[in-house]
1. Pull up the cross-link candidates among the aspartates and glutamates for Lys654, meaning alpha carbon to alpha carbon under 16 Å and not fewer than 8 places away within one chain.
2. At 1.4 Å probe size, put Val362, Val272 in order of accessible surface, largest to smallest.
3. Report the charge-dipole magnitude of the range 297-349 in Debye, nearest 20, computed about the Cα centre from +1 at each Lys and Arg Cβ and -1 at each Asp and Glu Cβ.
4. Once both labels are modelled 7 Å past Cα along the beta-carbon direction, what's the Arg232-Arg87 spacing in nm?
5. Run the reach check for Lys132 against aspartates and glutamates, Cα to Cα strictly under 16 Å, same-chain hits fewer than 8 apart removed. What comes back?
6. To the nearest 0.05, how large is the calculated FRET efficiency for Ala172 and Ala59 if R₀ is 30 Å and r is the Cβ-Cβ distance?
7. Calculate how steeply helix 819-839 sits against the longest principal axis of the alpha-carbon atoms of the chain, using the helix alpha-carbon long axis, and give the answer as 0 to 90 degrees to the nearest 10.
8. Take the Cβ-Cβ distance between Ser205 and Asn804 as r, set R0 to 60 Å, and report the resulting FRET efficiency rounded to the nearest 0.05.
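The values are calculated or read from the model by the stated rules, or taken from the named source; none is laboratory data. Source: prediction; values computed, not measured. Cβ placement follows ideal geometry from the backbone for every residue including glycine, while neighbour counts extend to all protein chains displayed. Please note that ligands, DNA and RNA were not included when accessible areas were found on the heavy atoms of the full protein model with its side chains. Shrake-Rupley method; radii C 1.70, N 1.55, O 1.52, S 1.80 Å.
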Amino acid sequence: MHPTPAQPSEPAMPLADLIQTYRPDAGVYDEMVAADGTVRPHWQRLLGAFHGMDVPGRARASELAQRLLRENGVTYMARGDAASQSRAWQLDLFPLVIGHAEWRELETGLIQRARLLNAVLADVYGPQRVLKEGLLPASMVFGSPEFLRPCHGIPVPGQVHLHFLAFDLARAPNGQWWVLSDRTQAPSGAGYALENRVVASHCLSEIFARENVQRLAGFFSAFSERFLAMSRRDDPLAVILSPGPTKEAYFEHAYLARYLGYSVVEGSDLTVRDDRLYLKTVDGLKPVDLVFRRVRSELCDPLELRTESLIGVPGLVHAARQGQVVIANALGSGLVESEALPSFLPGLSRALLGEELSIPSVATWWCGQAREMAHVLENLERLIVRKVASRRSFLAPGQNSFVGPELTGAQRQWLARHIEQAGHEYIGQERVSMSTVPIWQDDGGLRPAPMTLRVYLAATEDGYQVMPGGLTRVCERSGAFAPWLEPSNISKDTWILREGPAEPPTVLTPSTEAVRLRRSARDLPSRTADNLFWLGRYAERSEGAVRLFRSLLAHLGGESRSSNPLTLERLVSLLVVQEHLSQRRARRAVELGIRAVETELWTILFDPDCPDGLANILGNVRRTSEFIRERLSKDTWRILTDLTEISVGWRLNKGREVDDAFRCLNTMARCLAAFSGMIMENMTRGYSWRFLDLGRRLERVRYGARLIHHLTARGDVESTGALDLLLELADSTMTYRTRYKASPQLAPTLDLLLADETNPRSLMFQLVALDEHVGVLPLEDREALLSPSRRIITSLRTELRLANVAQLARESGRRGARGELSRLLRGIEGGTSDLSDLIARTYFSHSMPQHTAGPQWTGTTF
């Protein structure tokens, strides 16, 4: 979207006035405006371009940014949120700009710090020279919950403990950068920074192109190239180990997986067999070479680390000890994340690197030493005190902090007693005044807000490399200390300017070696296949429900409305058969009449708390799609997001409820049709597509068999309108009319919906598709005989093909019952249920003996 030029009726604020209205606090460093009120040189072009946009143009760009974030599903889970609900990500489009020369200096200091922290880890988990020489107190290391004793002595390839790390930075009033905290465990935010760049560069495309901003793609490709090269196999399997979709940064895990081409897995997807880590896939166990973990170290292995962990992999530490898997970051890396460490870093830098520490940390005193404790106790009224073991999120950095100036006398006394009793658990830090950066206002102007910057580094072939950007976080509340102490979800893109022309964007670095051609990926995790399978089922179930509700509305209103009690009872019974209404509620609605039926239908359609309602079905679609979002294209994700949000914001106008409900259902039907189109036209025909379509076909058989049985297995169906309703619900009315040009009769209707292989809605069509899918699944051809799954499908196809449609249509029992038809349909429904269970046991569960794909690697430990 390109901003439009200013309209004469809405002139932009003069540039001089814009600068005059922007007033940073005295004594605070402002990123854009110098102390003398002039705009810093590297901000001048951006500010001029911003001024060139009219107020409506700025508003349109901001609205577009929020729409793109919403459509892309950019969310986070707030830590401590009891409701565990995803929150929308907020992006302020006005970026933080850092000049080339200043960035190079900052880059050098950050690389030095990364080398230092890596060296500390290599020593502490190795020879422990820093402990023997007193450079680090042994009590601080061994008393830290982040020091993992089982990980001592584990070989680390290339002595690279830290593959991907981050630093939280702030700028002091004199312009000096300070490190607020080191993030070495599993730093979050890089995916959000990347998405911020994608959105900002789209919404401000012309400005972004003119500003000559350094690109981010090369950083990620350099990291991935080095990481993959650490495996000894030519075709390594790399995974991102995630704690799951309910954690705060799962969006980022899925985003990075899609960007880097890795698989997102959870602890239950992995297993250790014979010293080797394996991924449970639909094709058996696949050896895993590389793990990019997003799980805290102590939770990674319940066998040797935290025994209560439910998200780890039993035996992972042993596999790493045997040199069979590379883990990034190495287990135990959280040790150097300790806030007790910064005061020791200058001495460690001189001892381990022979260099002075370039970028200082915030002044910190660890209370595990007598002199430092005394200093903290004497200065409680001006320091920030924090527990060393407290967890700090990049979205909520001030957790478990005691702000001295804000404490009462009694609170200070209470805190002092606890420090005296357990000093090793506490640190004291100076309050750092943060710099400010401009943020957009609703009126199109700018105002200063305090900020922090998270910068990311990765180990590459050329050493540590700094991502030329970062995640800038701003706090809406004024006050130079606010962003360090308060949570905020407002972020900015970070623009690092280049001296020369910007390099072309690329995701993966071209390899000098020839790439082996391939046309299928066989490392589909079993859990992912399970979720794809159920996404297909839930989507098909949603489509069936939408068609059913739409037909019921048509028959309850307008010219189709009928006062025939038998017809009304049949319509309500359809809701019961498809499990949208209980028997008790159905009987009560029929007894009370058509108004009661309409009330029940409105409840099913629009009550979010109805356990059998549409909201529950769509909620299953949304939840399952979130589990596998890294496997879905952006367009598919947007379609599913739109589908599941339609009923939430839909409003019924008084007197037009039926028309509004029709429009709601029609919109859902279009989304479901778009989803089907994306599946059939855009997904490669690999295992992912097959399991997704398997779920759809099985659900369509179940739905169709129940529908046909309920509407045709008993009584006069030709004169009551049952066949018309059946053809409508099966989306086959046009086909029947074109083929027979007559009112529906039972025999040809059954032939069309049961046995016609050319009708995409017939049961036979689904069974043929199921047979094709199952026939190419990896575990189906291990024996010369038909597999159990194919035997079920072959039996159902044979029985359906041999059925005499004319005979099925005849009444053969009391009250016009069609016993043979009823037995056939019940057998089909039961067979597909057995088939679903068999697929689940074969491909989604690894409790049975599994095939191990390929020979195990038995090379030397590295």
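1. Correct list for Lys654: Glu598.
2. Val272, Val362
3. 180 debye
4. Here the answer is 4.7 nm between the modelled labels.
5. Within the straight-line cut-off, Lys132 pairs with Asp123.
6. 0.30
7. For 819-839 against the chain, the angle is about 20 degrees.
8. Here the calculated transfer efficiency is 0.35.
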